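Step one of this worksheet: look at the structure below.
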Amino acid sequence: MSKPIALEMKNISKSFGSIQANKNVSLEVYHGEILAILGENGCGKTTLMNMIAGIYFPDEGQVLVDGKEVVIASPKDAFAHKIGMIHQHFKLVDVFTATENIILGVKEQAGYSRAEAEARVREITERYGFHMDPHKKIYEMSVSEKQTVEIIKVLYRNADILILDEPTAVLTPQETDVLFDVLRRMRDDGKSVIIITHKLHEVLALTDRVAVLRRGEHIGTVNTAEADESMLTEMMVGKKVSLNIARSEPQDPCDRLTVSHISCTGYEGVKLLDDVSFTAKSGEILGIAGIAGSGQRELLESIAGLQHLDSGEITYLDPKTGETVNLRDKTPLQIRELGVRLSFVPEDRLGMGLVGNMDIVDNMMLRSYRKGHSVFVDRKRPRDLAERIVESLEVVTPGVTTPVRRLSGGNVQKVLVGREIAASPKVLMVAYPVRGLDINSSYAIYNLLNKQKEAGTAIIFVGEDLDVLIELCDRIMVINSGRITGIVDGRTAVKEEIGLLMTGSIRKKGKKKAQKRVKGVRKPKPRNRPKNRKKRRKGGARR
């Protein structure tokens, strides 16, 4: 390639105790290119990028910027060499404006000038095509606007090499297209862009080259124009992987769970769920799509007995007796004692799903320890289950007695999903079950869900990848600001239509017209005014 090298890594190695995160990785990044870093969970992608960003320091190896060897021992050193990283979890102060967050921590030699700072922020937004109000508070922003602030924050510090960790994880298709246009403009301006992602279709659509890591080692770098999904997957995994989700037709579907007009209110009277109604059927996968924070978590927690409701009913139909059970405001233990076979894989893996300090076997026992009839605990069956899950889902762990907190995020997710599916539920709710998983593990989870569907389980699947939702789900329900904006057929659904439903721009027929929203924020309701105008005038002029 004729372009000059912006960043070069030579024989970079990094270990954490006995775990080798990176081993002799050598990689080049050119000026004016977009490079993707691919690899399975725990292969060392984020560790490698964290060393470039100054969060970790390599045990061995060299880092060269524009041909000169540099030492990057902190994020401050990284910025000094014009390297900036945009993390998956934003680091912003909610009560500050966009401009205040962007200039936070920057020392200006000529002193602080708000007007000059805003002028420079506007210049950056116009140059690369960002859409952002510099005066807007962070808590008023959508997810894509917050991400824009993070990117501009790095550009404001004159970064020429930008690293983005899972940049499209919580974006709608329309927002993803806008982000890609911005990244292409940055590339054309001579910037070097590195993205960490698991979405192969985005890699093929956006990048110039792809570097693949496997078990901490650099397997190879290929030109995107010469690659396809099968080739990249084989490089990542070391063997051929089928990338087809075999969606079968629902067999004799019947209503298993009916949610009727449920509503719940959160902090300071904010409506988390607003008159939500739908039905989950046996032998069917019902997908839920929505921008992060639209009420998906509260909806699943309400069904699982973890969220108090203001109104509505949640009815479970027992397939054996044909009787219905109202689950509203029942605790998880009460739901289980009623004989309802319901499993829930929450979004918060270690906060709600598993206990980090306990090993894999003990986490298997969390579902069954109350069944014991003596002071002695039967550990054989939980151990057998743990070993089956480790083997079938290829959990990377030294053994089943390893504390869960020592596993990578993807392996923690495998343990949690495996445990809940092993309970043979009649209703299975999963929230982002493949978040952070590599493509091989993700398809293993999809196949498990399809097996549960064929066994007659009603599955509610909350996902962020619309391509997967369309390929996996029989129906897709879209939620926006706590309200259902539409339900579409997964076999005929179009990404763009779902994206518009996610933002509340349109509603499917049979639903009320969407309220007007300004950049994702619901327009406030007008004040109640007297019906008789004469009565209002009688009281004097309006103030």
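Annotations
- Residue in the range 70-81 that is in contact with a strand residue (DSSP E or B) (Cβ under 7 Å, 6 or more places away or on another chain) and among the charged types (D, E, K, R) present: no
- The set of residues from the range 310-351 being of a type in the set (Val, Ile, Thr) and either surrounded by 15 or more Cβ atoms within 10 Å (Cβ to Cβ) or more than 29 Å from the chain's Cα centre (by Cα) (or both) comprises ILE314, THR315, THR321, THR324, VAL325, ILE335, VAL340, VAL345.
- Of the strands (runs of 3 or more DSSP E) that lie entirely inside the range 215-300, those containing 3 or more residues that are within 16 Å of ALA458 (Cα to Cα) span 255-265, 271-281, 284-289.
- Residue count for the range 423-440, restricted to those that are of a type outside the set (Lys, Arg) and either surrounded by 24 or more Cβ atoms within 10 Å (Cβ to Cβ) or under 16 Å from the mean Cα position of the chain (by Cα) (or both): 11.
- Here LYS68, LYS14, LYS82, LYS23 are screened, and the one residue that is on the phi > 0 side of the Ramachandran plot, at pLDDT 90 or above and assigned by TED's automatic domain parsing to the domain that holds ASP208 is LYS82.
- In the range 321-424, counting only helices (runs of 4 or more DSSP H) that sit wholly within it, the ones holding 3 or more residues that are at pLDDT 85 or above and closer than 24 Å to ILE439 by Cα span 380-392, 409-422.
- Qualifying residues in the range 222-250 (those that are surrounded by 15 or more Cβ atoms within 10 Å (Cβ to Cβ) and of a type in the set (S, T, N, Q)) - the one farthest from GLU202 (Cα to Cα): THR233
- Any pair with Cβ under 7 angstrom, 6 or more apart, that starts in the range 200-220 at a residue that is under 20 Å from ARG185 (Cβ atoms) and among the basic types (Lys, Arg) and ends at one that is surrounded by fewer than 21 Cβ atoms within 10 Å (Cβ to Cβ) and at pLDDT 90 or above: ARG209/GLU33; ARG209/THR221; ARG209/VAL222; ARG209/ASN223; ARG209/THR224
- Exactly one residue among LYS451, LYS535 is modelled with pLDDT of 65 or more, basic (Lys, Arg) and outside any loop (DSSP other than H, G, I, E, B), and that residue is LYS451.
- For SER302, the conditions (1) touching a His at 6+ places or on another chain (Cβ under 9 Å); (2) surrounded by fewer than 20 Cβ atoms within 10 Å (Cβ to Cβ) are fulfilled apart from (2).
- Test: residue in the range 55-67 that is buried (at least 17 other Cβ atoms within 10 Å of the Cβ) and assigned to a loop (DSSP other than H, G, I, E, B): yes
- Every residue from the range 68-91 that is assigned to a helix (DSSP H, G or I) and in contact with a Lys or Arg (Cβ under 6 Å, 6 or more places away or on another chain): PHE79
- The residue that is nearest to ARG185 (Cα to Cα), among those in the range 101-120 that are assigned to a helix (DSSP H, G or I) and either modelled with pLDDT of 90 or more or out of contact with any Pro (no Cβ under 9 Å at 6 or more places or on another chain) (or both), is ARG120.
- Of all residue pairs spaced 6 or more apart or on separate chains, those with beta-carbon atoms under 6 Å, a first member in the range 318-347 that is under 18 Å from CYS254 (Cβ atoms) and a second member that is surrounded by fewer than 16 Cβ atoms within 10 Å (Cβ to Cβ) and at pLDDT below 85 are VAL325/LEU338.
- Count of residues meeting criterion [basic (Lys, Arg) and farther than 13 Å from ALA431 by Cβ] in the range 288-320: 1
- Residue that is modelled with the highest pLDDT, among those in the range 225-267 that are under 27 Å from the mean Cα position of the chain (by Cα) and among the small types (Gly, Ala, Ser): SER263
- Within the range 447-456, the residues that satisfy the criterion of being within 21 Å of the chain's Cα centre (by Cα) and surrounded by fewer than 21 Cβ atoms within 10 Å (Cβ to Cβ) are ASN447, LEU448.
- In the range 489-518, the residues that are more than 11 Å from ILE470 (Cβ to Cβ) reach residues that are modelled with pLDDT of 65 or more and in a helix (DSSP H, G or I) with C-beta atoms within less than 6 angstrom, at least six apart or across chains, in these pairs: GLY499/PRO173; GLY499/GLN174; ILE506/LEU500.
- Of all residues in the range 178-189, those that are under 13 Å from HIS131 (Cβ atoms) have Cβ atoms under 9 Å from Cβ atoms of residues that are aliphatic (A, V, I, L, M) and in a helix (DSSP H, G or I), 6 or more apart or on another chain, in LEU179/ILE151; VAL182/ILE151.
The values are calculated or read from the model by the stated rules, or taken from the named source; none is laboratory data. Just so it is clear, the structure is predicted and the values come from calculations on it, not from any experiment. Cβ sites come from the backbone with ideal geometry, for glycine too, and all protein chains shown count toward neighbours.
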